[in-house]
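One structure is given below, encoded as structure tokens.
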Amino acid sequence: MSIEARKTKTGKTYYYVRVKSGRQLVATRAFDTKREAETWERTQKHLLETGRPLPPKRSFTLNELVTMFLVSRERGNPHTVDTDRNNLAALPKSLLLRPLASIHAGHIREHLLAELRNGKMPSTVARSKTTLSALFTYAFDQGLLHQPHPVQTMPKIPELSTVAQRALTVKDIPTPVEVASSIAALRERRPDIADVFEFMALSGVRWGELRAIRVHWLSEVPIPQLAIDRSHSDRYEEKRPKSWRGTRAVPLSPRAVAIFRQHAAGKSPDDYLFTNQDGGQLSVGVVRKFPLGFRRHALRHFAASSWLRLGTPVHEVAEYLGDEARTVLAVYAHVLGEGQRRDHVQRLSSAESPAVGGGPLGDPWSENSAHG
């Protein structure tokens with residue numbers, strides 16, 4: 001390695017740096033000042049010896065890393081970019097101003113725990129964790145991270161485990177009475193929006209999928225079913241549905257078919273099924289004006305739990321939702337548990353002795369029982 005002072009044809013001095021690996025010349029560069037030349041030479045030497053760039057200066061902050069990261073993601077999936085931007089905007093200023101080299105797993109864990117304490121859903125906080133993991137992985141790839149990965153080395157937060165964040169409880173799913181009363185009250189104000197919510201409760205479609213439904217998506221032979229192959233979230237381009245590889249068919253009840261036919265009347269096959277009062281594509285801003293008393297997405301959970309309680313096999317429910325069977329098992333574990341407990345009670349009842357009105361197996365606790 002060497003730094004050589006040279007002059008241009010006009011007499012201006014510059015500094016020419018040559019970097020060698022053994023006898024092999026691997027890099028050259030010219031600088032206007034000797035200080036810049038020495039800094040670059042030192043960086044290249046460190047890179048050759050360790051395979052890693054020099055650590056950033058202590059003044060390099062987390063906020064600067066966030067800015068670099070978001071710029072690098074600008075051409076990615078718009079929905080993902082927006083989610084990452086929102087997640088990083090939630091970082092406290094005190095953390096953003098810290099030198100990157102001083103941030104460790106404890107800082108990240110405390111931030112995620114604070115989000116849980118502030119009432120954010122575990123699934124939302126888990127997505128924030130994913131963003132932060134991508135942020136520090138980017139820092140590592142850019143040679144900026146010279147301490148253990150703060151997210152990968154962070155002690156686990158039980159609430160963010162895959163099963164914990166997916167599992168629903170009884171309070172997360174509205175009851176049939178709650179759904180019926182909410183839709184009935186809404187029907188007095190906006191019958192068209194009431195139909196939208198009722199159709200979601202009957203079909204289990206996501207909001208983006210409902211916006212994308214065209215008139216020709218309904219087929220009635222051999223059975224009435226909805227063919228879903230597109231989703232159109234507000235402000236984003238239309239795309240394939242989430243977590244699904246192709247078109248999926250959702251069988252429809254007579255009531256769902258009736259709603260479909262009512263909104264399809266007078267429309268062309270390629271027209272949107274559900275539209276606003278001006279005939280344009282429905283937007284989330286319109287339906288938000290008519291709260292149900294529970295989350296709109298809960299209608300999808302209501303549909304799935306209703307199908308499971310009717311005895312529909314898990315793999316079929318997963319197919320209708322566009323999810324994996326293991327996801328359905330995790331999310332609706334308590335619903336499946338209800339059915340298992342009912343079946344167990346029926347088996348117990350059938351096994352009771354005739355003395356208490358039971359079946360032929362006798363009382364398993366009786367002295368005269370074959371099990372005694």
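The values are calculated or read from the model by the stated rules, or taken from the named source; none is laboratory data. Model, not experiment: these values are computed from the prediction. Cβ atoms come from the backbone with ideal geometry, glycine included; neighbour counts cover every protein chain shown.
Among the residues of region 1-44, which ones are in a helix (DSSP H, G or I) and either more than 21 Å from Gly143 (Cβ to Cβ) or touching a helix residue (DSSP H, G or I) at 6+ places or on another chain (Cβ under 6 Å) (or both)? Talk me through it step by step, then tell me what you get.
If we filter region 1-44 for residues that are in a helix (DSSP H, G or I), which is where we start, we get 34-44.
The answer is Lys34, Arg35.
If you scan region 207-237, which residues turn out to be within 23 Å of the chain's Cα centre (by Cα), surrounded by fewer than 22 Cβ atoms within 10 Å (Cβ to Cβ) and of a type in the set (D, E, K, R)?
Asp229, Arg230, Asp234, Arg235, Glu237
Here is a list of conditions, (1) surrounded by 12 or more Cβ atoms within 10 Å (Cβ to Cβ); (2) outside the structural domain of Gln277 (by TED's automatic domain parsing), and Pro158 meets all of them except one; can you say which number that is?
The number of the failed condition is (1).
Tell me yes or no: at least one residue of region 237-248 is assigned to a helix (DSSP H, G or I), modelled with pLDDT under 95 and out of contact with any His (no Cβ under 8 Å at 6 or more places or on another chain). Outline the logic, then answer.
Applying the first criterion (assigned to a helix (DSSP H, G or I)) to region 237-248 yields none.
No, region 237-248 contains no residue that is assigned to a helix (DSSP H, G or I), modelled with pLDDT under 95 and out of contact with any His (no Cβ under 8 Å at 6 or more places or on another chain).
For residues in region 35-66 being among the polar types (S, T, N, Q) and exposed (fewer than 12 other Cβ atoms within 10 Å of the Cβ), which is modelled with the lowest pLDDT?
Pass one, region 35-66, residues among the polar types (S, T, N, Q): 39, 43-44, 50, 59, 61, 63.
Filter again for exposed (fewer than 12 other Cβ atoms within 10 Å of the Cβ), leaving 50, 59.
On the way: Thr50: 72, Ser59: 67.
The selected residue is Ser59.
Can you tell me which of Arg255, Arg235 is charged (D, E, K, R) and closer than 24 Å to Ile183 by Cα? Step through it out loud before you land on a result.
Working: Arg235 fails: closer than 24 Å to Ile183 by Cα.
None of the others qualify; the one that does is Arg255.
Would you be able to tell me the number of residues in region 304-317 that are of a type in the set (Gly, Ala, Ser) and crowded, with 21+ Cβ neighbours inside 10 Å? Full working, then the answer.
Keep residues of region 304-317 that are of a type in the set (Gly, Ala, Ser), which gives 304-306, 311.
If we keep only those that are crowded, with 21+ Cβ neighbours inside 10 Å as well, we get 304-305.
Residues flagged as of a type in the set (Gly, Ala, Ser) and crowded, with 21+ Cβ neighbours inside 10 Å within region 304-317 amount to 2.
Could you tell me whether Lys242 is without any contact (Cβ under 8 Å) to a residue 12 or more places away in the chain, surrounded by fewer than 20 Cβ atoms within 10 Å (Cβ to Cβ) and either within 27 Å of the chain's Cα centre (by Cα) or in the same structural domain as Arg300 (by TED's automatic domain parsing) (or both)?
Working: without any contact (Cβ under 8 Å) to a residue 12 or more places away in the chain: no; surrounded by fewer than 20 Cβ atoms within 10 Å (Cβ to Cβ): yes; either within 27 Å of the chain's Cα centre (by Cα) or in the same structural domain as Arg300 (by TED's automatic domain parsing) (or both): yes.
Here the answer is no, as Lys242 does not meet what is asked.
Could you check how many residues of region 283-298 are in contact (Cβ under 8 Å) with a residue 24 or more places away in the chain and under 18 Å from the mean Cα position of the chain (by Cα)?
Of all residues in region 283-298, those in contact (Cβ under 8 Å) with a residue 24 or more places away in the chain come to 283-287, 290, 292-294, 296-298.
Still in the running and under 18 Å from the mean Cα position of the chain (by Cα): 296-298.
Here the count works out to 3.
Take the residues in region 257-278 that are touching a residue at least 24 places away in the same chain (Cβ under 8 Å) and among the hydrophobic types (A, V, I, L, M, F, W, C), then tell me which one is nearest to Arg214 (Cα to Cα).
Out of the qualifying residues, it is Leu273.
Would you point out the residue of region 184-206, among those that are over 19 Å from Gln277 (Cβ atoms) and without any contact (Cβ under 8 Å) to a residue 24 or more places away in the chain, that is surrounded by the most Cβ atoms within 10 Å (Cβ to Cβ)?
Ala185
Name the helices (runs of 4 or more DSSP H) wholly inside region 56-154 in which the number of residues that are in contact (Cβ under 8 Å) with a residue 40 or more places away in the chain is 3 or more. Give the derivation first.
On the way: elements: 62-72, 78-89, 93-96, 105-117, 122-141.
Because the criterion is at least 3 residues that are in contact (Cβ under 8 Å) with a residue 40 or more places away in the chain, the helices (runs of 4 or more DSSP H) in region 56-154 that meet it are 62-72, 78-89, 105-117, 122-141.
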